[in-house]
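The values are calculated or read from the model by the stated rules, or taken from the named source; none is laboratory data. Remember, it's a predicted structure, so these values are computed and weren't measured experimentally. Cβ placement follows ideal geometry from the backbone for every residue including glycine, while neighbour counts extend to all protein chains displayed. Just so you know, the surface numbers come from the protein's heavy atoms only, side chains and all, with ligands and any DNA or RNA stripped out. Shrake-Rupley method; radii C 1.70, N 1.55, O 1.52, S 1.80 Å.
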Amino acid sequence: MKACESCADRVNIGCHHKQMPVISRAIGLLFIYLPILTLPFVITSAYLTYFSLKLVGAQNVKTWGDFLPARASHRYDLKNQITMDGSFKFSMAQSKLFWILNCTWYCPVSVGLFEWHAYLVKVVENWWCPFTHDRKNSYTDGAIDQSFWHIYPEEKAKLNEEDKSNPIFTVDPDA
């Protein structure tokens, strides 16, 4: 069995990378960094969502910092950062600064930003829309005490029984 066949639930990339044409890999690298241009919009969107939650009364909402790795958890700093042998003379892979910026700033900050934004959107979804669907169980990291519908007894009465007591948007499902 080939290595790539043994990991059905994983993205297969390492076993194919070297087979890709150099131009394809170069364009792929460019596409990795072009989204930097969208970060100001994503940051703005996340903060608008965060403040909208605060303005409707949310407390204990996680911040972006809650989704970032502790600086001390990074293995390398500029002094001990490892590099790769470049495939050409001016390859960025030979630069310690490239790897520090890439692996301690761009990647974890971007992942943290998108995870935080997804968390905030799940909180919003659980607040405004306490209606179960086949993906709702993946919203547990955005669990809330009670939804907008649950705070009004006459509206809560209209909900399906499962929606009245779903622990994702109801702390006390029996109340």
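Can you go through Asn60, Asn80, Asn12 and tell me which one is at positive phi and either in a loop (DSSP other than H, G, I, E, B) or in contact with a Ser or Thr (Cβ under 7 Å, 6 or more places away or on another chain) (or both)? I'd like the intermediate steps shown before the answer.
Working: Asn80 fails: at positive phi; Asn12 fails: at positive phi.
Criteria check complete, one pass: Asn60.
Can you tell me which residue in segment 124-175 is nearest to Phe114 (Cα to Cα), limited to those that are hydrophobic (A, V, I, L, M, F, W, C) and open to solvent by less than 50 Å² (accessible area, probe 1.4 Å)? Don't jump to the end; show me each part of the working.
Residues of segment 124-175 that are hydrophobic (A, V, I, L, M, F, W, C), as a first pass: 124, 127-129, 131, 143-144, 148-149, 151, 157, 159, 168-169, 171, 175.
Still in the list and also open to solvent by less than 50 Å² (accessible area, probe 1.4 Å): 124, 127, 129, 144, 159, 168-169.
Working: Val124: 15, Trp127: 20, Cys129: 21, Ile144: 20, Leu159: 31, Ile168: 21, Phe169: 22 Å.
Filtering first and then ranking leaves Val124.
Do we have any residue at all in segment 42-50 that's open to solvent by 60 Å² or more (accessible area, probe 1.4 Å), within 30 Å of Val121 (Cβ to Cβ), part of a loop (DSSP other than H, G, I, E, B) and β-branched (Val, Ile, Thr)?
No, every residue in segment 42-50 fails to be open to solvent by 60 Å² or more (accessible area, probe 1.4 Å), within 30 Å of Val121 (Cβ to Cβ), part of a loop (DSSP other than H, G, I, E, B) and β-branched (Val, Ile, Thr).
Being of a type in the set (Ser, Thr, Tyr), in a helix (DSSP H, G or I) and closer than 18 Å to Ala93 by Cα: is that true of Tyr33 here? I'd like the intermediate steps shown before the answer.
On the way: of a type in the set (Ser, Thr, Tyr): yes; in a helix (DSSP H, G or I): yes; closer than 18 Å to Ala93 by Cα: yes.
In short, yes.
Which pairs have Cβ atoms under 7 Å, sit 6 or more apart or on different chains, and link a residue in segment 98-121 that is under 22 Å from Thr140 (Cα atoms) and part of a helix (DSSP H, G or I) to one that is open to solvent by less than 20 Å² (accessible area, probe 1.4 Å) and not β-branched (Val, Ile, Thr)?
Sorted first by the residue in segment 98-121, then by its partner, the pairs are Leu113/Ala46; Trp116/Ala46; His117/Ala46; Tyr119/Gly142; Leu120/Ala46; Leu120/Leu53.
So Asn12 fits all but one of (1) open to solvent by less than 70 Å² (accessible area, probe 1.4 Å); (2) of a type outside the set (Ser, Thr, Tyr); (3) closer than 16 Å to Val111 by Cα; what number is the exception?
Failing condition for Asn12: (3).
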